[in-house]
Amino acid sequence: MRTFKETFASYTWDSIQQKIYASTLDDVKRVLQKDRHQLEDFLVLLSPAAESALEHMAQLAQSITQRRFGKTIQMYAPLYLSNECQNICTYCGFSMDNKIKRKTLSDTEIMMEAMALKAMGLQHVLLVSGEANKTVGVDYFLNAIRLLKPHFSQISIEVQPLEQHEYELIQQAGVHTVLVYQETYHQDVYRAYHPKGKKSNFDYRLDTPDRIGKAGIHKIGLGVLLGLEDWRTDSFFNAMHINYLQKQYWRTKYSVSFPRLRPAEGIIEPNFVMEDRHLLQLICAYRIWNPDLEISISTRESEHFRNHIIPIGVTTMSAASKTNPGGYAVDPQSLEQFEISDERSMETVIDLIKKVGYDPIMKDWDVAYSGLDKAKV
Ligand code: SF4
């Protein structure tokens, strides 16, 4: 089977962009009548022509989501372990050239943050860090996972790309999901946004989901940073990546997230502004194309947007997030990676989800079940 790099190399940014923009309303109508959808259909649903069918797309996305996932929303919150970073990314508050106070949580501080999340009723935690391999590497993560494992039913991580054997260690330690975003699939633009550090290696990052898949991690989360490049073209390449991975690592589950570039200390303005209606279109397009895909929406989005997107295609939501290490209990004033938009408490978001007739899921999986296969019951 081809590697993703080979698949990726057989397309050009410009040819995909032209195809997206050349799609017509007739193409959109034809796609919306189909029962099953291919990647080529996703391309049509991303087009400017599909904007006039947005209402139809939203209805379809809603019914597909309810059929596949019921009326449930999984809740999680990020736990920022460290803001140390050896990369320069021009859009991020943690960038190495940004003169901020650096902080990496100690064992005691990790537990203080964890207890603050547990007090909100959370059982799903996403561990986040900058990319500082020497000080915040695999050993640090394994220690954090060991500390947190008894307290959470699901641990996910969003840290620097690792080697396959390191993902295997993380998997054995009990990590359920690994998130890694390509940021942008536009290779030339990628170089300009990542001028220094390991992250400037586009190919190494592109290969990362393959290493995660080979390590047998339960779920892989992908996404692009919306605002760096044309969202339609970038999202097509992101879907192409998911499509490839689903065929290659078919036992693995997949999720997609939609980080829209948010203000942060010392960062650039988005080069491409994505409006709410475009994010809605993108979410609907993903859902119609891929009914099994988990779709996650974070507190980067506004209260208004999050309220309205719940019934349409989303399966996972964060709430009450802090994007600074120690933000919940240890050091609430430290500098955040980016400003969140929806600042409501966990309780308020949960109430809202219930009010629209959905079940907020605080705990999707019980650790007791994980021994079932070994016990051969
Ligand atoms: S985006 Fe990640 S790698 Fe880049 S500066 Fe921020 S924390 Fe570091």
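The values are calculated or read from the model by the stated rules, or taken from the named source; none is laboratory data. These numbers come from a predicted model, not from an experiment. All Cβ positions, even for glycine, are placed from backbone atoms using ideal geometry, and neighbour counts span all protein chains on display. Areas reflect the complete protein model, heavy atoms only, side chains present, ligands, DNA and RNA absent. Shrake-Rupley method; radii C 1.70, N 1.55, O 1.52, S 1.80 Å.
Some observations on this one:
- Matching residues in region 74-91 - criterion: being within 8 Å of the ligand (Cβ to nearest atom) and under 20 Å from Lys134 (Cα atoms): Asn83, Cys85, Gln86, Asn87, Ile88, Cys89
- Among the candidates Leu117, Leu169, Leu122, residue that is farther than 19 Å from Gly327 by Cα and away from the ligand (no atom under 16 Å from the Cβ): Leu169
- Filter result for Leu148 (crowded, with 18+ Cβ neighbours inside 10 Å, more than 20 Å from the chain's Cα centre (by Cα), modelled with pLDDT of 95 or more and assigned to a helix (DSSP H, G or I)): yes
- Taken as a whole, the structure leaves Lys99 outside the set of residues that are buried (at least 19 other Cβ atoms within 10 Å of the Cβ), among the basic types (Lys, Arg), within 16 Å of the ligand (Cβ to nearest atom) and closer than 30 Å to Leu162 by Cβ.
- Checklist (1) within 27 Å of Arg262 (Cα to Cα); (2) open to solvent by 10 Å² or more (accessible area, probe 1.4 Å); (3) at pLDDT 95 or above applied to Ile110, failing item: (2)
- Meets criteria (farther than 22 Å from Arg211 by Cα and surrounded by fewer than 20 Cβ atoms within 10 Å (Cβ to Cβ)) for Met240: no
- Listed by position, the helices (runs of 4 or more DSSP H) contained in region 252-364 that have at least 1 residues being out of contact with any helix residue (DSSP H, G or I) (no Cβ under 6 Å at 6 or more places or on another chain) and acidic (Asp, Glu) are 303-309, 346-355.
- Residue count for region 122-140, restricted to those that are within 24 Å of Ser200 (Cα to Cα) and in contact (Cβ under 8 Å) with a residue 40 or more places away in the chain: 11
- Residue within region 322-334 that is β-branched (Val, Ile, Thr), open to solvent by less than 30 Å² (accessible area, probe 1.4 Å) and at pLDDT 90 or above present: yes
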